[in-house]
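Encoded as structure tokens, the structure appears first; notes follow it.
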Amino acid sequence: MGRLVIVSNRVPDPRERDQPAGGLAVALADVLRDEASSLWFGWSGTQEDFEGDPKVAIDTHNKVTYATIPLTPAQHRGYYQRFSNGILWPLCHYRLGLMNYTQPDWDSYQDVNGMFARALLPLLKPDDTIWVQDYHLFPLAQMLRNLGVTAPVGFFLHIPFPPWSLFRALPPADALLADMAAFDLVGVQTDEDADNLKECLRIEGLDGASRVMACPIGIDPVKFGEEARAAWDGSEVKRLRESMHDEPLIIGVDRLDYSKGLEERFQGYERLLTRYPEHRGHVTYLQVAPVSRGEVEEYRLLRRQLDETIGRINGAFAEFDWTPIRYLTRPVPRQVLAGFYRLADVALVTPLRDGMNLVAKEYIAAQDPENPGALVLSHLAGAAPELTEALLVNPHDADAIADALHQALTMDKAARKRRWTLLDTEVRSTTAGTWSRDFLAALYKAGKARQA
Ligand code: ADQ
């Protein structure tokens, strides 16, 4: 295979020490480390005014060439904030009520995809394999084909794909499905997503045009486990451990996003304190939730709502020497986070919908095999069909969350070890490495089949 070309909305700055919190950036960094030569193309994260097409900035770091372009403030609003994050994100997370469709945003989305294709074209080489990432770039394969690109072009959707009954509520649903059919291969996280997408393509008469493959994403569990062990003796983990006075710790780690079910989760924790008062004064719940997409109205509202809920719960239950919830809205370095996971007795991962959820896998990889913690996981996360030995809950059900937390906090070591061993086997069998290898092998084959 020739060079791998990754295209994603955002390309992280390789020289920044603290990489952004987000599953896609984390998984791709793991993949590109192992490639002989590769190009990563996308938005630089900056906004500036320009006429016509922007200038491409090139930077090479650790064998990866990073090629980035800026967006204009108007493109950032229309393509990124509104169409991608204000329309496609809620739609794909089954939240039609939060979807605010307007035609100019759709126009902007298509324009920026066209601009991406034109800026990428001169950088391409004849035997490249192009792998496009995520919902910001559904139209890209079609746009590249229009410019004469014949290379294999694959797509991976990191978020869920909803059933036709929901997807059809999007005015340009037909156009987007036709765009998806222009890829040689479309990868999604779960069988449920694959079935939903295949059904949509079938209804549109597009089945057969492109292959759909369920290809669950994972982490690098060996590396993450090492980071967790290394962080154990670091000053942050030590401080957290000392502050716990041998009392149990529950951890939650999520981008501050309405899909993550944070409000419902806090209510579940509150229910634990009400229904199982023996945990009062003992258990601490640490929620790390770095602010994300702060420019989008729904995210600002969510942040205010969470501030209020946490304030209410802490106000109602705290003692002068005990706080039920510790809440951080800034990012924590990954190594430190790995150590926090290892220290935590329970991870609380309860998204209302999630493509996969890498935090659940990171938590498992970070555990001490001799004394592992317990995972409480939403059955609506893409990780749930794999991580069946977790304590699975309905994230809308506060009583179910409270019961699962109580079970996790009181589970004996033998039961924790038994569950964790099975979960660890799963996390080690579907990794960032198997994800990219399986996808790229299938893409290569699909590309060859089309060219034949
Ligand atoms: P996300 O919605 O970002 O990803 P997730 O899979 O949980 O969700 O990945 C988050 C990543 O960011 C994890 O690696 C986590 O460690 C890191 N992170 C979160 N909070 C952090 C913090 N405070 N400090 C530092 N790092 C933090 C999207 C989809 C998911 C899918 C991934 C990958 O929404 O469903 O699993 O892409 O496909």
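The values are calculated or read from the model by the stated rules, or taken from the named source; none is laboratory data. Computed from a predicted structure; not experimentally measured. Heads up, the Cβs are rebuilt from the backbone with ideal geometry, glycines too, and the neighbour counts pull from every protein chain shown.
Overview of results
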read-out: Residues that are more than 8 Å from the ligand (Cβ to nearest atom) and of a type in the set (G, A, S), drawn from region 358-381; value: A365, A366, G373, A374, S378
read-out: Some residue of region 315-326 being touching a residue at least 12 places away in the same chain (Cβ under 8 Å), within 8 Å of the ligand (Cβ to nearest atom), farther than 18 Å from A228 by Cβ and basic (K, R); value: no
read-out: Failed item, numbered, when E263 is tested on (1) part of a helix (DSSP H, G or I); (2) touching a residue at least 12 places away in the same chain (Cβ under 8 Å); (3) within 16 Å of the ligand (Cβ to nearest atom); value: (3)
read-out: When residues of region 139-183 are limited to those that are within 16 Å of the ligand (Cβ to nearest atom) and of a type outside the set (A, V, I, L, M), the one nearest to the chain's Cα centre (by Cα); value: H158
read-out: Residue match in region 421-428 (condition: within 26 Å of R280 (Cα to Cα) and acidic (D, E)); value: no
read-out: Identity of the residue in region 287-322, under 20 Å from A344 (Cα atoms) and under 20 Å from the mean Cα position of the chain (by Cα), that ends up modelled with the lowest pLDDT; value: P290
read-out: Test: I87 is more than 21 Å from A175 (Cβ to Cβ) and either within 22 Å of the chain's Cα centre (by Cα) or crowded, with 19+ Cβ neighbours inside 10 Å (or both); value: no
read-out: Count of region 335-344 residues which are more than 12 Å from the ligand (Cβ to nearest atom) and at pLDDT below 95; value: 0
read-out: Filter result for the condition that a residue is of a type outside the set (D, E, K, R), exposed (fewer than 14 other Cβ atoms within 10 Å of the Cβ) and within 23 Å of L96 (Cβ to Cβ), over L306, L301, L256; value: L301
read-out: Search result, residues across region 5-38 that are modelled with pLDDT under 95 and more than 16 Å from the ligand (Cβ to nearest atom); value: P14, R15, D34, E35, A36, S37, S38
read-out: Test: residue in region 345-357 that is within 14 Å of the ligand (Cβ to nearest atom) and surrounded by fewer than 24 Cβ atoms within 10 Å (Cβ to Cβ); value: yes
read-out: Residue list for region 309-333, restricted to those being among the charged types (D, E, K, R) and either surrounded by fewer than 14 Cβ atoms within 10 Å (Cβ to Cβ) or assigned to a helix (DSSP H, G or I) (or both); value: R312, E319, D321, R330
read-out: Meets criteria (within 29 Å of A383 (Cα to Cα), assigned by TED's automatic domain parsing to the domain that holds L392, outside any loop (DSSP other than H, G, I, E, B) and within 14 Å of the ligand (Cβ to nearest atom)) for G268; value: no
read-out: Residue tally, condition surrounded by 16 or more Cβ atoms within 10 Å (Cβ to Cβ) and over 11 Å from A432 (Cβ atoms), over region 217-231; value: 4
read-out: Residue that is farthest from the ligand (Cβ to nearest atom), among those in region 215-241 that are charged (D, E, K, R) and over 22 Å from T329 (Cα atoms); value: D233
read-out: Selection from region 30-55 of residues that are acidic (D, E) and surrounded by 16 or more Cβ atoms within 10 Å (Cβ to Cβ); value: D30, E35
read-out: Residues of region 292-314 satisfying the condition of being among the small types (G, A, S) and either away from the ligand (no atom under 11 Å from the Cβ) or touching a Ser or Thr at 6+ places or on another chain (Cβ under 6 Å) (or both); value: G294, G311
read-out: Entirely in region 1-99, the strands (runs of 3 or more DSSP E) that have 1 or more residues that are within 30 Å of A289 (Cβ to Cβ), in contact (Cβ under 8 Å) with a residue 60 or more places away in the chain and touching a Gly at 6+ places or on another chain (Cβ under 6 Å); value: 4-10
read-out: Of residues in region 184-196 being over 23 Å from T129 (Cα atoms) and not hydroxyl-bearing (S, T, Y), the one farthest from the ligand (Cβ to nearest atom); value: D195
read-out: Residue count for region 164-220, restricted to those that are out of contact with any Asp or Glu (no Cβ under 6 Å at 6 or more places or on another chain), among the aliphatic types (A, V, I, L, M) and over 29 Å from Y363 (Cα atoms); value: 16
